[in-house]
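One structure follows; several queries about it will come next.
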Amino acid sequence: MGCGNSKSTLGVVETVEEKPKQQATVNNTTNTTTAVMTGTLEPEAPKKKDGFCYFFGLDSQTKENLTEGNKDMKELLGGKGANLCEMCNLGINVPPGFTVSTEACEHFSQLHNLATSAGEEGAEKKNLTLPENIQTQVDEYLKKLEQATGKKFTDSYENDTDKVLLISVRSGAAISMPGMMDTILNLGICDKNITQLVKNFGGNEKFAWDSYRSLVQMFGEVVMSVKPEHFEDNIKKQKEKRGITHDSELNLEEIQQIVQDHKLTIFEQTGGEDFPQDVRQQLYRAIIAVFNSWHNKRAVQYRKIHNITGLKGTAVNIQSMVFGNVDERSCSGVCFSRNPSTGENLFYGEYMIQAQGEAIVAGQRTPEKIETLATNFPECNTSLKEISTKLEKHFKDVQDMEFTIEQNTLYMLQCRNGKKTIQASLKIYCDMIDEGLINEREAISKIDATQLNQMLHPFLDDSEKAHHEPLATGLPASPGAVVGRIAFTSEQAIKMSETRKEDGDVILVREQTSTEDLAGMHASQGFLTTNGGLTSHAAVVSRQQGKCCVSGCSLLYVTSEESCTINGTLFNQGDIITIDGSTGNVYGKALKTTRPGISQPDFVRIMDIEKKYRTMSVYANADTSVDAHKAVEFGAEGIGLCRTEHMFFEKTRIVDMRRMIVASTTEKRQEAINVLKDYQRSDFLSLFHAMEGKKVTIRLLDPPLHEFLPEDPQEIEELALALGESVKDVTLTVSQLKEKNPMLGHRGCRLGITFPEITQMQVEAIFEAAIDATHKGEVVVDIMVPLVQSVQELVNQKEIIEKVASSLFAKHEDRKYLIHYRVGCMIETPRAVLMAKELAGVADFFSIGSNDLTQMTFGFSRDDSGKFLKYYLERDLIENDPFEVLDTEGVGKIIQLTVQTGREAKNGLTVGLCGEHGGESHSVKFLYQCGLSYVSCSPYRIPIARLSAAQESVKNWRNVICVNGGPGSGKGTQCAKLVEKYGFIHYSTGDLLRAEAAKDTEQGRMISSYIKEGKIVPGAVTLGLLRNAILNHPKKDATFLIDGFPREMQQAVDFEAHVCKFKFVLFFDCPEEILEQRLLERGKTSGRSDDNAESIKKRFKTYSDQTMPVIGYFKKTDRVKTIDSSKTQEEVFAEVCKLFD
């Protein structure tokens, strides 16, 4: 394996002496921090002011570490370059080289005005030149590389003992994009120095000439844009002469002829341009090709698929070559420190003897399992495993590595955090917690929340598999099961995916996949290949995308782009097969798949962990008891949106809904409304029972009435006859209700205002169901008024709601105390946002309807935007579909404005979001930063929302202990002792407030007046002081003692929602008479204005009424540690210390 492998997934190396670490400041491309690694600091590796090149590697003679970078410089050096530097710093045997930075790529792109909408026709340009300032530095660092290796990069040599320096040129962006950009190996061979190369390798002419063949072919394809089939024809011609099958059977003369044929092909296909014999020109043009490949179609497409934005470009890694194809003592391989499919803590990988690395990933030969490396290369195998363990411990994650063994010497070519299935991720990070390698917060942060969708992928249960014999078996490359239609090309897969809803999933069937198949793989739901192993291109992409894959199915023969045979059975495009990525089995028909639950132990554990740190609630959009039960199963803390209209679309119910709409008399309408109320009451009761006391948010009727009515004249006539109404009258009603722009028409609260009987019916159904549900416990219900634009609209509807509540509660006095209800409104239009301050004066809560808010902010019709948004996305006019990923620049800003102005009017106002953005990971993280109280999404997206919100929460996580107790209970004294003994950070809210009160500012004077009157300072003020003190403290891992806060329930809720969760409450319990004696005694010397009899009584009452409920709140989650503080200070402290020792 050359030092480069354009598509490989791993790399490893022989251990050498580790470079001693020094205390120094490490540059991070986003901010400068002091990086601590196992108690010491990384070597200094700052970004250069004017430099584009950074060296990595050891001097071959002195073994001095010449490395100029480290792992924290990914934005500058790319992930590959930064990790090569890091491995050198760890003393691992890496072939030396240097990295041309991403800033050089950015400079190159700007200089040549490469297409900003990259990936379009013409985005990549030819005849480009390398800027002089970059070329000068490349020459300088090439000389440094020659000195470090003891080799020369030239076309002529003076002595037979001179060593030829060959190099690889490889791409490497800050975020891994395997196989998307260009790589060239064996650079530096030419006609003049091929003889010298043969001498360097003991007269091995076949190896030298085959390396030359590989260079000419790869250079011709990548740099000179010659189509690969022309080179393949040259090879095929030589093999046909002797009737041989494999490239490895070619002899020296045939390989030499292929080199000459390749050169002629380049000359003919480029219109007279020769393969360059100047090795420097080879290098410069290769760098240009890699820079240019940042703009190629597949790289741009990959970035769009994976939502990668904001990068400067790709770095270029120029590295001295090592060869896995020299002889039988050489090999190339790919390995993982743990199994990336199952998560088992077992060394995992593949390798090929006498081969370069691209052969493994391309799947052109079947590789050998890594377990046999111990037999074939015993010493290297031992070293490889040691390095694997070392890198995993260092990076605290599974490592995906490339390695080459050249004549029994092991080299590391690459390492990166491995891509893995979600099942593997969950197991790996749970195991790493148990091993002490990472903590819970790190585990939460490392999991890709979007991958949790994979937990819900269909599978074949044992009973189904027992009834069917597989047609063939391959390698289980990525789990799950897919029943789908066969596509043989990327183009077929894309076309067939357009009818996926009607015709079913698509399975891409190929001999082997390549980076050119990316679009088709993205459109498919599963992959089946003839060739390739568990680390092949298909396997890697499938695990990354969370799709099913069976690779290496030797009984699969793809005979054309229209058909294949599997174990002798013919299949054509569009035929149905089933593949099982968990077993590798392939079935020649459709099998029944099963949708999984979420009982997998590692998933349950991670979800239990995230609850300890997440501060934003996650609710479900659920309209039925079935939805509600599923939501609870997935961890929903309540229902954030029940769409009452969905209850009416059921086949038998819609008739009664239509009866109500078209009724010709008041009596008929009321009769229909009574029937509808019975439906609604029954449905609401089932929801309350399913949620068992959790909050249920019910939205009043929202869609325009015409949506419930037929449009076809015949159906209208049938409706009229069924309801006993005049066809003419029903036709007229349908016509009158029809609107030109219904989304902006007679819907939402406008229905309730024009038809108040509808609102009354729904509210009666809600409260009657709630009263019935109280027989099983408390009911918490939020009633939500949709599409509100003004205070007057909300007041109108709220009056109806409260009138109904009062009437029913008067009849059920014994039950009303078990029902907790609030009335809020949806924020769905720009006007509602601008009126948020006024609306907050009436509403108990806000729920942002992000779907409508997006529609009305953009002026896009949600139902029609698909016709043009795809062109916007293709042309980079917009980053994402705003109905899938929240538009943070526009819609996000008005959400922030809603939160800000709403809470200015009403401190602690609940603000949530109930659109499907609430289940999209990037959107949830943004909404957390906006300060939302909750998000609500469909049940199956709840795990994603939970984990995404938790990942934002842990960024603010601090080890915070609430120290609470009545006035005079000794909180401050005990905190001082804890600070002295354990070095904790102590914040007394009283001290913070008094310090602020002493300032001659508006806020200071306000705080001062509250203190004198014995009142609690507004929570927002205290919370702001605490938040700044805790989150801005430099010791983020310290234990913080918060003395005297929270003093009321809203403060407790707000602190955990907007700062972090308390670890526990340290509660000092003491009788009031003892507390009063202490305070009066203290007042003699303290000088505090509140240490007097009158203020003390007020403080006791305030504490009892407002603070004691907080203690009860934390007891519900078993987070209260009670200490009897009536004893002496020493006795109390002894008890406290037991909690920390």
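The values are calculated or read from the model by the stated rules, or taken from the named source; none is laboratory data. Source: prediction; values computed, not measured. For neighbour counting, all protein chains shown are included, and Cβ atoms are generated from backbone atoms with ideal geometry for every residue, glycine included.
When both residues are 6+ apart or on different chains and their Cβ atoms are under 7 Å apart, which pairs have a first residue that lies in the range 911-932 and is not assigned by TED's automatic domain parsing to the domain that holds LEU641, and a second that is surrounded by fewer than 21 Cβ atoms within 10 Å (Cβ to Cβ)?
Short answer, once both residue conditions are applied: none.
From the list PHE708, PHE688, pick out the single residue that is within 41 Å of the chain's Cα centre (by Cα), of a type in the set (Phe, Trp, Tyr), modelled with pLDDT under 85 and closer than 30 Å to ASP627 by Cα.
Only one candidate qualifies: PHE708.
Tell me which helices (runs of 4 or more DSSP H) are completely within the range 404-491 and hold 3 or more residues being among the acidic types (Asp, Glu), or say none if there are none.
By residue number, 422-435.
Just for the range 863-907: of the residues that are at pLDDT below 85 and among the hydroxyl-bearing types (Ser, Thr, Tyr), which one is farthest from CYS930 (Cα to Cα)?
So the residue we want is TYR871.
On the given criteria, is GLY1004 of a type in the set (Gly, Ala, Ser), in the same structural domain as GLN1129 (by TED's automatic domain parsing) and in a helix (DSSP H, G or I)?
Against the criterion (of a type in the set (Gly, Ala, Ser), in the same structural domain as GLN1129 (by TED's automatic domain parsing) and in a helix (DSSP H, G or I)), GLY1004 qualifies.
Kindly indicate whether any position in the range 815-830 is farther than 17 Å from LEU751 by Cβ and either surrounded by 23 or more Cβ atoms within 10 Å (Cβ to Cβ) or among the polar types (S, T, N, Q) (or both).
yes
Still on this model: Given THR559, THR583, THR578, which one is closer than 25 Å to GLY532 by Cα, at pLDDT 95 or above and among the hydroxyl-bearing types (Ser, Thr, Tyr)?
THR578
To continue, here is another question. Of the residues in the range 688-723, how many are in contact (Cβ under 8 Å) with a residue 60 or more places away in the chain, in contact with a Lys or Arg (Cβ under 9 Å, 6 or more places away or on another chain) and part of a loop (DSSP other than H, G, I, E, B)?
Qualifying residue count, the range 688-723: 4.
State yes or no: is LEU687 within 30 Å of LEU853 (Cα to Cα) and in contact with a helix residue (DSSP H, G or I) (Cβ under 8 Å, 6 or more places away or on another chain)?
Considered against the rule, which asks whether it is within 30 Å of LEU853 (Cα to Cα) and in contact with a helix residue (DSSP H, G or I) (Cβ under 8 Å, 6 or more places away or on another chain), LEU687 comes out as yes.
Another question, then. Would you list the strands (runs of 3 or more DSSP E) that sit entirely within the range 564-607 and hold 1 or more residues that are among the acidic types (Asp, Glu)?
The qualifying strands (runs of 3 or more DSSP E) are 576-580.
Taking the range 719-737, which residues are loosely packed, with under 14 Cβ neighbours inside 10 Å and of a type in the set (D, E, K, R)?
Matches in the range 719-737: LYS728, ASP729.
Pairs please, first residue from the range 786-798 and touching a residue at least 12 places away in the same chain (Cβ under 8 Å) and among the charged types (D, E, K, R), second anywhere and part of a helix (DSSP H, G or I) and buried (at least 20 other Cβ atoms within 10 Å of the Cβ), Cβ atoms under 8 Å, 6+ apart in sequence or on different chains.
Close Cβ pairs (under 8 Å, with a partner that is part of a helix (DSSP H, G or I) and buried (at least 20 other Cβ atoms within 10 Å of the Cβ)) amount to GLU793/CYS749.
Has the range 418-441 got any residue that is farther than 30 Å from LEU555 by Cα and polar (S, T, N, Q)?
yes
I've got another one for you. Go through the range 590-616 and report how many residues are polar (S, T, N, Q) and either at pLDDT 95 or above or out of contact with any Phe, Trp or Tyr (no Cβ under 7 Å at 6 or more places or on another chain) (or both).
Total meeting the criteria: 3.
Identify, please: which residue in the range 663-687 is touching a residue at least 12 places away in the same chain (Cβ under 8 Å) and of a type in the set (Lys, Arg) and is, among those, surrounded by the most Cβ atoms within 10 Å (Cβ to Cβ)?
Selected residue: ARG681.
If only one of THR1039, THR1117 is out of contact with any strand residue (DSSP E or B) (no Cβ under 7 Å at 6 or more places or on another chain) and more than 13 Å from GLY968 (Cβ to Cβ), which one is it?
After applying the criteria, what remains is THR1117.
Oh, and also: When the residues of the range 1025-1077 are filtered to those that are small (Gly, Ala, Ser) and out of contact with any helix residue (DSSP H, G or I) (no Cβ under 8 Å at 6 or more places or on another chain), which remaining residue is surrounded by the most Cβ atoms within 10 Å (Cβ to Cβ)?
Per the criteria, the residue is ALA1057.
List the number of the failed condition for ASP887; all other conditions in (1) of a type outside the set (A, V, I, L, M); (2) within 21 Å of the chain's Cα centre (by Cα); (3) surrounded by fewer than 16 Cβ atoms within 10 Å (Cβ to Cβ) hold.
(3)
Sticking with this structure for a sec: Quick one: is THR409 free of Cβ contacts under 8 Å to residues at least 12 places away in the same chain and either over 20 Å from GLN951 (Cα atoms) or buried (at least 22 other Cβ atoms within 10 Å of the Cβ) (or both)?
Criteria not met by THR409.
Next question, about the same structure. Checking the condition at pLDDT 90 or above, out of contact with any Cys (no Cβ under 8 Å at 6 or more places or on another chain) and of a type outside the set (A, V, I, L, M), which residue from GLU980, GLU996, GLU1048, GLU1002 passes?
So the residue among GLU980, GLU996, GLU1048, GLU1002 that is at pLDDT 90 or above, out of contact with any Cys (no Cβ under 8 Å at 6 or more places or on another chain) and of a type outside the set (A, V, I, L, M) is GLU980.
If you scan the range 323-343, which residues turn out to be part of a loop (DSSP other than H, G, I, E, B) and touching a strand residue (DSSP E or B) at 6+ places or on another chain (Cβ under 8 Å)?
PHE323, GLY324, ASN325, VAL326, GLU328, ARG329, SER330, SER337, ARG338, ASN339, PRO340, SER341
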